[in-house]
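Have a look at the structure that comes next, please.
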Amino acid sequence: MTQSVSLFDARPFFEKALAYGVQHGIIDQAKLDAICQDAPKGMVQIARYFGTEFLRPELEKARDRMVNLVSLYLENSSGGDLHLAAESLRDNSFMSRSKGGSDMLKALIAMPQNSHFGMNEGTGFTDDQIPLLAKWSLRTLPEYQIELAQRSQATLLVDAAIWMAETLGLKAEDLEEAGKDAEAVIRTALLARLARRTEMPDWVAFEKLISALRKKYPSADAAPAIALPKDLPAPFAPVVERVRQSVLTDMPKMLDAALPARKLFDQTPAFMGRYFWLEDAVSEVDHFDRSASAAWNKATSGHGDDGSLLTLFLCVAAGSAPKTVLTEKAAAMLIRKIRKSGLQPVLATDFISGQAPQHHQNDYTDLWNAFIEDAQPILQSDRDYALNDALALLRRECNIGP
């Protein structure tokens, strides 16, 4: 009985493609000489980019990175076909194939890692990500492909959520500011479309939406047939369909009139953060006809220190969701919003007079006026491109967390 033995070739794909090209007359001596001239230059450039070109270990690692980058590009673009890869080496410079591999990885790193709006910058590849690129420059093509598949799904979810939100009057910047999961945005958008709403709901509108569904469909047996939007772009259909199925799974509990909407969506662990609504404290106060003191306690979350109050007032003046503490990222986003859309200090003054306890209103108004008089020029300065001065101000005067 004859058995064939297959030898494992552990050489980088670049070396295999080069050897194949020479063996089959695709790559001639002139191209080999050109590669030999480009390679040392490329090694120095890569070593300098990731650290220093003056240490031998860094140059050796740069050589490995360069070979791997070329291999990644050739194997990915040729689909593993050595003949096509050899022709690519023949028709293009060695440095361009290395850059091609680098561009592949930069594009990958710039993609969302998950579908949460609050955890994705959406600014493309930046210098801060060079250490991550250094790690990926030594990874294999299968590792790249697995990561690409995962990030592609996250990207589709984010893009689909943005598309659905925009059809209901909400912009991508608003979703980034809200910092919720793309799936939650899509679930609510599907419900809003089912109810023939034309805008993304705040909590009051969302609660009314659920109440209307419960009246129209009093039991899970009569649950509505939620459909995908007819104008939904085809690439988004698979990911939105998966989210649609999750809404159908949630429907029995959503239609249970014995379970208060607030308790279900905002206090039940399995449902917390699962659906999206715009934060609008004023709307909620008006809807429930609460007293000023109760509304104030809700808005401040029980915090009465100057930093928390100034954070709250600044959010209100910027037209953002009222918060008493901001992360560094949220603070930066707030500053960008102020510089783009402006600041209306009177909104905070009106908020204080309408919601704060009567005996504290004068003190809170004085606190706000003293702050905004000095802060507004810095927050809206065109010279502070990196936001350094504005962020330093908020760290000093407001409540900024890690």
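The values are calculated or read from the model by the stated rules, or taken from the named source; none is laboratory data. Bear in mind the structure is a predicted one, so any value in this text is a computation, not a measurement. Backbone-built Cβ (ideal geometry, glycine too); neighbour counts: all protein chains shown. Accessible surface is based on the protein model in full, side chains and every heavy atom, while ligands, DNA and RNA are left aside. Shrake-Rupley method; radii C 1.70, N 1.55, O 1.52, S 1.80 Å.
Return yes or no: is residue 372 within 27 Å of residue 117 (Cβ to Cβ) and surrounded by 14 or more Cβ atoms within 10 Å (Cβ to Cβ)?
For residue 372, the condition - within 27 Å of residue 117 (Cβ to Cβ) and surrounded by 14 or more Cβ atoms within 10 Å (Cβ to Cβ) - is not met.
Out of all the residues in segment 306-334, which are in contact with an Asp or Glu (Cβ under 9 Å, 6 or more places away or on another chain), farther than 14 Å from residue 401 by Cβ and not in a helix (DSSP H, G or I)?
If the condition is that a residue be in contact with an Asp or Glu (Cβ under 9 Å, 6 or more places away or on another chain), farther than 14 Å from residue 401 by Cβ and not in a helix (DSSP H, G or I), then 320, 321, 322 are the ones that fit.
Would you confirm whether or not segment 139-150 contains a residue that is open to solvent by less than 50 Å² (accessible area, probe 1.4 Å) and at pLDDT below 95?
For segment 139-150, residues open to solvent by less than 50 Å² (accessible area, probe 1.4 Å) and at pLDDT below 95: absent.
Among the helices (runs of 4 or more DSSP H) confined wholly to segment 51-144, which include 3 or more residues that are touching a Lys or Arg at 6+ places or on another chain (Cβ under 8 Å) and over 30 Å from residue 327 (Cα atoms)?
Where helices (runs of 4 or more DSSP H) fall fully within segment 51-144 and carry at least 3 residues being touching a Lys or Arg at 6+ places or on another chain (Cβ under 8 Å) and over 30 Å from residue 327 (Cα atoms), they are 56-78, 82-91.
Determine whether segment 65-74 contains at least one residue that is of a type in the set (Ser, Thr, Tyr), within 30 Å of residue 156 (Cβ to Cβ) and surrounded by fewer than 19 Cβ atoms within 10 Å (Cβ to Cβ).
No: segment 65-74 contains no residue that is of a type in the set (Ser, Thr, Tyr), within 30 Å of residue 156 (Cβ to Cβ) and surrounded by fewer than 19 Cβ atoms within 10 Å (Cβ to Cβ).
Then there is this: Of the conditions (1) surrounded by fewer than 19 Cβ atoms within 10 Å (Cβ to Cβ); (2) at pLDDT below 95, residue 78 fails just one. Which one is it?
Among (1) surrounded by fewer than 19 Cβ atoms within 10 Å (Cβ to Cβ); (2) at pLDDT below 95, residue 78 violates only (2).
Taking segment 221-277 on its own, how many of its residues are charged (D, E, K, R), open to solvent by 80 Å² or more (accessible area, probe 1.4 Å) and either in contact with a helix residue (DSSP H, G or I) (Cβ under 7 Å, 6 or more places away or on another chain) or over 19 Å from residue 163 (Cα atoms) (or both)?
Within segment 221-277, residues that are charged (D, E, K, R), open to solvent by 80 Å² or more (accessible area, probe 1.4 Å) and either in contact with a helix residue (DSSP H, G or I) (Cβ under 7 Å, 6 or more places away or on another chain) or over 19 Å from residue 163 (Cα atoms) (or both) number 3.
I'd like to verify a number: residues in segment 171-208 that are open to solvent by less than 20 Å² (accessible area, probe 1.4 Å), out of contact with any helix residue (DSSP H, G or I) (no Cβ under 6 Å at 6 or more places or on another chain), without any contact (Cβ under 8 Å) to a residue 60 or more places away in the chain and over 17 Å from residue 231 (Cβ atoms), how many?
0
Okay, residues lined up against (1) of a type in the set (A, V, I, L, M); (2) farther than 28 Å from residue 47 by Cα:
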position	(1), (2)
105	yes, no
110	yes, no
113	no, no
152	no, yes
175	yes, yes
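Quickly run through segment 292-305 and pick out the residues that are without any contact (Cβ under 8 Å) to a residue 24 or more places away in the chain and either assigned to a loop (DSSP other than H, G, I, E, B) or open to solvent by less than 10 Å² (accessible area, probe 1.4 Å) (or both).
301, 302, 304
Would you check if there is a residue in segment 335-349 being part of a loop (DSSP other than H, G, I, E, B), open to solvent by 60 Å² or more (accessible area, probe 1.4 Å) and farther than 14 Å from residue 397 by Cα?
Of all residues in segment 335-349, those part of a loop (DSSP other than H, G, I, E, B) come to 342-344.
When the remaining residues are screened for being open to solvent by 60 Å² or more (accessible area, probe 1.4 Å), the result is 344.
Subsequent filtering for residues that are farther than 14 Å from residue 397 by Cα retains 344.
Looking through segment 335-349, at least one residue is part of a loop (DSSP other than H, G, I, E, B), open to solvent by 60 Å² or more (accessible area, probe 1.4 Å) and farther than 14 Å from residue 397 by Cα.
Going through segment 344-402 one residue at a time, which ones are over 29 Å from the mean Cα position of the chain (by Cα) and among the β-branched types (Val, Ile, Thr)?
Result: 346, 349, 352, 365, 372.
Counting just the residues of segment 141-170 that are β-branched (Val, Ile, Thr) and in contact (Cβ under 8 Å) with a residue 24 or more places away in the chain, which one comes out nearest to residue 79 (Cα to Cα)?
Residue satisfying both the conditions and the ranking: 155.
Next up: Which residue out of 220, 205, 234 is modelled with pLDDT of 95 or more, more than 21 Å from the chain's Cα centre (by Cα) and not β-branched (Val, Ile, Thr)?
One residue alone meets the criteria, 234.
Among the residues that make up segment 42-61, is at least one of them touching a Gly at 6+ places or on another chain (Cβ under 6 Å) and open to solvent by 20 Å² or more (accessible area, probe 1.4 Å)?
yes
Next up: Quick check, is residue 42 part of a loop (DSSP other than H, G, I, E, B) and more than 32 Å from the chain's Cα centre (by Cα)?
The answer is no for residue 42.
Taking segment 354-368 as the search range and keeping residues that are open to solvent by less than 70 Å² (accessible area, probe 1.4 Å) and without any contact (Cβ under 8 Å) to a residue 24 or more places away in the chain, which one is nearest to residue 397 (Cα to Cα)?
Among residues in segment 354-368 that are open to solvent by less than 70 Å² (accessible area, probe 1.4 Å) and without any contact (Cβ under 8 Å) to a residue 24 or more places away in the chain, the one nearest to residue 397 (Cα to Cα) is 365.
Name the single residue that is most open to solvent (accessible area, probe 1.4 Å) among those in segment 127-138 being touching a residue at least 12 places away in the same chain (Cβ under 8 Å) and not aromatic (Phe, Trp, Tyr).
Within segment 127-138, the match that is most open to solvent (accessible area, probe 1.4 Å) is 138.
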